[in-house]
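Chemist: One structure, pasted below without further comment.
The values are calculated or read from the model by the stated rules, or taken from the named source; none is laboratory data. Treat the numbers as computed from the prediction; the structure is a model and nothing was measured. All Cβ positions, even for glycine, are placed from backbone atoms using ideal geometry, and neighbour counts span all protein chains on display.
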Amino acid sequence: MADRTLMSKGEGRISVEEVGKIYDPEGVNVCALKDCNMEIDPGEFVMLVGPSGCGKTTLLNAIAGFSNVTSGIISLDDEIIASPSMHQSPGADRIVVFQGGALFPWKTVLGNLVYGPMMQGKMKRDEAVAEARRLMDKLGLSKSCEELYPEKLSSGMMRQVEIIRALINNPKVLLLDEPFRALDNMTKSLMHEYLLEVFAITKKTIFFITHDLEEAVFLADRVLIMTTRPGTIKASIEVNISRPRSFKTLATRDFMDLKEQAEAAVKEETLKAFEAGERELA
């Protein structure tokens, strides 16, 4: 098998142009997104935050190909992947890591890792096994767990397997939908540092949505703030904190100032949502 690299090669530019999304256009007409614009550079780590129901998941799902858009276009490396006139579909160039996890409980760790590239016809089994073991070794997952089933894994280890399973497809973009939300604080902290190591090794484009502002500032190159529904991008905060980062970063003045800036912007939008009686639909 030819040697494969995890490193991004300048791929993974996401462009969101004037995107709108209306649910049930013939009925209640819930406008989830309106005139939403966003640019993410190849190899950039971008976090999206905003009040509940503002359209964060709607936007991620549109980029992933899980749902269509009502207006505007979304492009990946200048190729249109979403528009009102096309039928959206997921692609191996955009892999999602979900909040609730999506490992097959009836498959071992190794079985979960090799399933995707084998089903897509990208690799034969021996190639997929070799690549899975290479990634496990490179990204710090012990080979001793490869025959374990998900029920035997800790919550943190499950997230590691999910991230490696996404990377074995060699996507241009990783899309993360609050994957650490249900973890305890210690495990979440460890997973943050793990994800930063993965990012340092791969330089893949990462688009990550979260409610956790500390998580957002700690991980990101840039934090985008979304307005209350209909969602659009309200502000962009550059996180000019050097990498590599560790838990000590959380105690720095720069980190605290950036977190306060993000909190103020999100609070303003949350108050608007509360006053309007918004509820979480998207």
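Chemist: Residue check: is S71 over 27 Å from V239 (Cβ atoms) and at pLDDT 95 or above? Break it down into steps so the answer makes sense when it comes.
Modeler: On the way: over 27 Å from V239 (Cβ atoms): yes; at pLDDT 95 or above: yes.
Yes.
Chemist: Now a separate question. Of the residues that make up the stretch 160-177, is at least one basic (K, R), under 21 Å from D212 (Cα atoms) and crowded, with 19+ Cβ neighbours inside 10 Å?
Modeler: First, pick out the residues of the stretch 160-177 that are basic (K, R): 165, 172.
Okay, now just the ones that are also under 21 Å from D212 (Cα atoms), so none.
For the stretch 160-177, residues basic (K, R), under 21 Å from D212 (Cα atoms) and crowded, with 19+ Cβ neighbours inside 10 Å: absent.
Chemist: Further question: Take the residues of the stretch 113-127 that are under 24 Å from the mean Cα position of the chain (by Cα) and not basic (K, R): which is surrounded by the most Cβ atoms within 10 Å (Cβ to Cβ)? Full working, then the answer.
Modeler: Quick first cut of the stretch 113-127, residues under 24 Å from the mean Cα position of the chain (by Cα) only: 113-120, 122.
Those left that are additionally not basic (K, R): 113-120.
Numbers: L113: 27, V114: 25, Y115: 17, G116: 17, P117: 21, M118: 16, M119: 9, Q120: 10.
Taking the candidates together, the pick is L113.
Chemist: To continue, here is another question. Given the criterion without any contact (Cβ under 8 Å) to a residue 24 or more places away in the chain and in a helix (DSSP H, G or I), identify the matching residue among M186, M191, M158.
Modeler: Working: M191 fails: without any contact (Cβ under 8 Å) to a residue 24 or more places away in the chain; M158 fails: without any contact (Cβ under 8 Å) to a residue 24 or more places away in the chain.
Only one candidate passes the filter, namely M186.
Chemist: Output yes when any residue across the stretch 100-118 is within 30 Å of G231 (Cα to Cα) and hydrophobic (A, V, I, L, M, F, W, C), and no when none is. Write out each step before concluding.
Modeler: Going through the stretch 100-118, the residues within 30 Å of G231 (Cα to Cα) turn out to be 100-102.
Applying the additional criterion that residues be hydrophobic (A, V, I, L, M, F, W, C) yields 102.
Yes; the residues of the stretch 100-118 include at least one that is within 30 Å of G231 (Cα to Cα) and hydrophobic (A, V, I, L, M, F, W, C).
Chemist: Name the one entry in F66, F98 that is assigned by TED's automatic domain parsing to the domain that holds D35, surrounded by fewer than 21 Cβ atoms within 10 Å (Cβ to Cβ) and closer than 30 Å to E151 by Cα. Walk me through how you get there before you give the answer.
Modeler: Values: F98 fails: assigned by TED's automatic domain parsing to the domain that holds D35.
None of the others qualify; the one that does is F66.
Chemist: Next question. Could you tell me whether the stretch 241-251 includes any residue that is over 21 Å from the mean Cα position of the chain (by Cα) and surrounded by 14 or more Cβ atoms within 10 Å (Cβ to Cβ)?
Modeler: Yes, some residue in the stretch 241-251 is over 21 Å from the mean Cα position of the chain (by Cα) and surrounded by 14 or more Cβ atoms within 10 Å (Cβ to Cβ).
Listed here are the residues, each with its yes/no results for (1) assigned by TED's automatic domain parsing to the domain that holds M136; (2) of a type in the set (V, I, T); (3) closer than 21 Å to L60 by Cα.
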{"residue": "E146", "(1), (2), (3)": "yes, no, no"}
{"residue": "Y149", "(1), (2), (3)": "yes, no, no"}
{"residue": "S155", "(1), (2), (3)": "yes, no, no"}
{"residue": "M158", "(1), (2), (3)": "yes, no, no"}
{"residue": "I163", "(1), (2), (3)": "yes, yes, yes"}
{"residue": "A166", "(1), (2), (3)": "yes, no, yes"}
{"residue": "D177", "(1), (2), (3)": "no, no, yes"}
{"residue": "F180", "(1), (2), (3)": "no, no, yes"}
{"residue": "D184", "(1), (2), (3)": "no, no, no"}
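Chemist: Okay, next question. Being within 21 Å of the chain's Cα centre (by Cα), assigned to a helix (DSSP H, G or I) and at negative phi, is that true of even one residue in the stretch 89-112? If you could, list the steps in order and put the result at the bottom.
Modeler: Keep residues of the stretch 89-112 that are within 21 Å of the chain's Cα centre (by Cα), which gives 89-104, 112.
Within this subset, residues satisfying the condition of being assigned to a helix (DSSP H, G or I) are 112.
So of that shortlist, the ones also at negative phi come out as 112.
Checking the stretch 89-112: at least one residue is within 21 Å of the chain's Cα centre (by Cα), assigned to a helix (DSSP H, G or I) and at negative phi.
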